[in-house]
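Asker: Take this structure, written in structure tokens, and hold onto it; I'll ask about it next.
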Amino acid sequence: MRHFAVVGSGPAGFYTAEALEKAYGDQARIDILDRYPVPYGLIRFGVAPDHQSLKAVSKRYDKVADSAGVDFIGNVTVGRDVSVGELLELYDAVILAVGSPHSRKLGIPGEDLPGVVGSADFVGWYNGHPDYVDLAPPLGGTHAAVIGNGNVALDCARILSKTRTEFEGSDIVGHALGALDTSAIRTITILGRRGPHQIAMTPKELGELGHLEAASPIVDIADFPPVEADDALEPGQRKSITILREFAATAADPAKPKRMVFDFFAKPLRIEGDGKAEKIVVERTELDENGAARGTGETYEVPASLIVTSIGYTSAPIDGVPYDERGGKFLNEGGRIGERLYAVGWARRGPSGTIGTNRPDGYEVADLVAAAMPPGSPSDRPGAEGLKRLLEGRGVMPTDYDDWRRIEETEVANARPGSPREKFVRHEEWLQTIGR
Ligand SMILES: Cc1cc2nc3c(=O)[nH]c(=O)nc-3n(C[C@H](O)[C@H](O)[C@H](O)COP(=O)(O)OP(=O)(O)OC[C@H]3O[C@@H](n4cnc5c(N)ncnc54)[C@H](O)[C@@H]3O)c2cc1C
């Protein structure tokens, strides 16, 4: 019997456990560890609360957790409660699926002023991540800006623009809903260093902006290359650009009080303000021969008392695990970090790709594990039994999937009308719910 520890219960962790289960059948026990008693990683804390259909993928993960060979061990932080070295003593292989929880920094002056928040923090705030409950993003000014041209930037801008009725059916947490309800923000500027052809926004997410109750997307046709240039784009990107061109051709709806302004070829130079963010000083750019943004020397100001930076994520290094600072992920070759130690998902590839991208990733690494220690080969490692003994000695109380189900049931029971659940947002609340 082999014993495997998968660290992280986001998509990558669950797909890896699923793949290991398929490869080993009853010849392995797979423990999925997480720092929280609640599973699913960014499905719970990242994916937008108004995109409920995407979150339904967690039903598949529930099936994995229900399999005979798989256990969930929550409330255990690897690197704090137990080291990776200790896990390697206890398990035959350790697979890090810890994701990329931190926002990448812009690296410009003024970034630390109050009012500037990373997208991980802002997204965590509206999704009920315990680290960001008290973020209190300033919503009292009329102007906000989102820096970045990916889907996460779109999520942040859309959440800032929605009305209370548009959040019906979502699981946005109560504190965010209440704060957004009183928001004075009327203009949300989305800044991108390059042009429309270089966006990393998908058609579905862009298309939604055309149907917002209180906000009109504003796009300047002068930012686009001639329409024939769209032919060279891959079909998905072409669709996105077509949607942006439609926005450019449509006048803002005077009945809608909010504006979502796409400001392309805009490179933030610094953030200024008197003790708090008030504006971004931006340099106009153009594309150089390699398609990179080149400053033109022309500068202007974008007013914003809330600035969400959405330029990517980085993993949190873990003691003893080689780390790639530039890539913001663990150093690995095709998922292998070292002897019996592997990485999957964002911890392996860096922060890109959809939920589904993590599936082949998990299966590939499970194949590597199975090649290194073929199913049926013996092991003398103690696995979960040893881990639980070690944790007990340290006063750490792990939780299991039944505990999660009790938390979920209570969240569903607490839901306000029209919402699937009211999430608990503090670690203590999770533990109290399960009587700890
Ligand atoms: C804001 C946002 C919105 C997104 N929206 C979409 C979308 O709409 N559609 C889509 O397809 N994709 C979306 N994605 C991408 C998708 O969420 C990721 O591809 C996916 O979550 C990455 O999976 P992962 O398992 O690698 O990491 P994660 O989902 O981050 O999971 C990591 C897990 O590891 C745990 N962990 C971390 N450190 C430790 C530790 N030291 N010890 C124990 N446990 C630990 C965490 O608690 C977490 O549960 C979005 C991403 C973001 C950031």
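Asker: Would you work out if segment 1-97 is rounded, prolate or oblate? Take a ≥ b ≥ c from the square roots of the eigenvalues of the alpha-carbon gyration tensor; rounded if a/c is under 1.5, else prolate when a/b is larger than b/c, oblate otherwise.
Answerer: oblate
Asker: Now, a different point. Would you grab the residues whose amide H sits under 5 Å from the one on GLU111? Only those 5+ places off in sequence or on another chain, please, with H modelled 1.01 Å from N.
Answerer: Hits under the 5 Å cutoff: ILE271.
Asker: Going by amide H atoms built from the backbone, whose H comes under 5 Å of the H on ILE190, apart from near neighbours?
Answerer: It is VAL146, VAL261, PHE262, ASP263, by chain and number.
Asker: Antiparallel versus total DSSP beta bridges in segment 184-309: what percent is that, nearest 5?
Answerer: Roughly 60 percent of the beta bridges in segment 184-309 run antiparallel, per DSSP.
Asker: Continuing with the same structure: Report the extension gain between ARG284 and GLU228 in nm, rounded to one decimal, defined as 0.36 nm multiplied by the number of residues separating them, less their alpha carbon distance.
Answerer: 17.7 nm
Asker: Step through the residues of segment 62-69 one at a time and calculate ³J(HN,Hα) from phi using the Karplus curve (6.51 cos²θ - 1.76 cosθ + 1.60, θ = phi - 60°), rounding each to whole Hz and writing x for Gly and Pro.
Answerer: Running phi through 6.51 cos²θ - 1.76 cosθ + 1.60 with θ = phi - 60° gives 4, 4, 4, 4, 7, 5, 4, x Hz.
Asker: How much mean residue ellipticity at 222 nm does the chain get from its helices, if each DSSP H run of length 4 or more adds -39500 (n - 2.57) and you divide by all residues, to the nearest 500 deg cm²/dmol?
Answerer: -9000 deg cm²/dmol
Asker: On the principal axes of its Cα set, how long, how wide and how thick is segment 70-219? Give whole Å, largest value first.
Answerer: Computed over the Cα atoms, the extents are 57, 35, 34 Å.
Asker: So, one more: State, to one decimal in nm, how far the label point of ASP319 lies from the label point of ARG238, with both points 7 Å from Cα in the Cβ direction.
Answerer: 5.5
Asker: Oh, and also: Counting Lys and Arg as +1 and Asp and Glu as -1, what is the net charge of the other residues whose Cβ lies under 14 Å from the Cβ of THR142?
Answerer: Local charge sum for THR142: +3.
Asker: How far is it, in nm, from the label point at GLU392 to the one at HIS51 when both lie 7 Å from their Cα along the line to the Cβ?
Answerer: Placing both labels 7 Å along Cα→Cβ, they lie 4.3 nm apart.
Asker: From the Cα gyration tensor of segment 289-436, with a ≥ b ≥ c the square roots of its eigenvalues, which class applies: rounded if a/c is under 1.5, or else prolate if a/b is larger than b/c, or else oblate?
Answerer: Oblate is the answer for segment 289-436, as a/c is 1.5 or above yet b/c matches or exceeds a/b.
Asker: Taking the Cα centre of segment 287-436 as the origin, how large is its charge dipole in debye, to the nearest 20, when only Lys and Arg (+1) and Asp and Glu (-1) carry charge on their Cβ atoms?
Answerer: Approximately 320 debye in magnitude.
Asker: Take the Cα pairs of segment 329-392, get the Kirkwood Rh, then feed it into Stokes-Einstein at 4 °C and 1.567 mPa s and tell me D in µm²/s.
Answerer: Translational D for this selection: 96 µm²/s.
Asker: How far, in nm, would the chain grow between ARG186 and SER377 when pulled straight, counting 0.36 nm per residue and subtracting the alpha carbon separation?
Answerer: Result: 62.5 nm gained on full extension.
Asker: Show the residues, 5+ positions off or on another chain, whose built amide H is closer than 5 Å to the amide H of ARG29.
Answerer: Sorted by chain and number, the residues that satisfy this are ARG2, HIS3, PHE4.
Asker: Quote the FRET efficiency, to the nearest 0.05, computed for ASP400 versus ALA251 with a Förster distance R0 of 51 Å and r equal to the Cβ-Cβ distance.
Answerer: With a Förster radius of 51 Å, E is 0.35.
Asker: Quote the FRET efficiency, to the nearest 0.05, computed for VAL412 versus ASP112 with a Förster distance R0 of 51 Å and r equal to the Cβ-Cβ distance.
Answerer: 0.85
Asker: Here is a follow-up. Among LYS55/LYS239; LYS204/LYS329; LYS59/LYS162; LYS239/LYS423; LYS256/LYS276; LYS329/LYS388, which pairs are too far apart, with a Cα-Cα distance over 32 Å?
Answerer: Over 32 Å apart, Cα to Cα: LYS239/LYS423.
Asker: Please state, rounded to one decimal and in Å, the Kirkwood hydrodynamic radius that segment 239-349 gives when every pair of distinct Cα atoms enters the mean of 1/r.
Answerer: Roughly 18.3 Å, rounded to one decimal.
Asker: Need the full-extension length gain, ALA136 to ALA68, defined as separation in residues times 0.36 nm minus the C-alpha distance. One decimal, nm.
Answerer: 20.2 nm
Asker: Ignoring ligands, DNA and RNA, please state the percent of accessible area on the chain from carbon and sulfur, probe 1.4 Å.
Answerer: Solvent-exposed carbon and sulfur of the chain make up 52 percent of the total.
Asker: Here's something else I'd like to know. Quote the FRET efficiency, to the nearest 0.05, computed for HIS102 versus GLU272 with a Förster distance R0 of 25 Å and r equal to the Cβ-Cβ distance.
Answerer: Once rounded, the FRET efficiency stands at 0.50.
Asker: Please pull out the direction-averaged projected area of the chain, using the convex hull of its alpha-carbon atoms, in nm² to one decimal place.
Answerer: Quarter of the Cα hull surface area: 22.0 nm².
The values are calculated or read from the model by the stated rules, or taken from the named source; none is laboratory data. Computed from a prediction, not measured in an experiment: that's the story for all the values here. Please note: Cβ atoms are built from the backbone with ideal geometry, for glycine as well, and neighbour counts cover all protein chains shown. These accessible areas exclude ligands, DNA and RNA; they are computed on the full protein's heavy atoms, side chains included. Shrake-Rupley method; radii C 1.70, N 1.55, O 1.52, S 1.80 Å.
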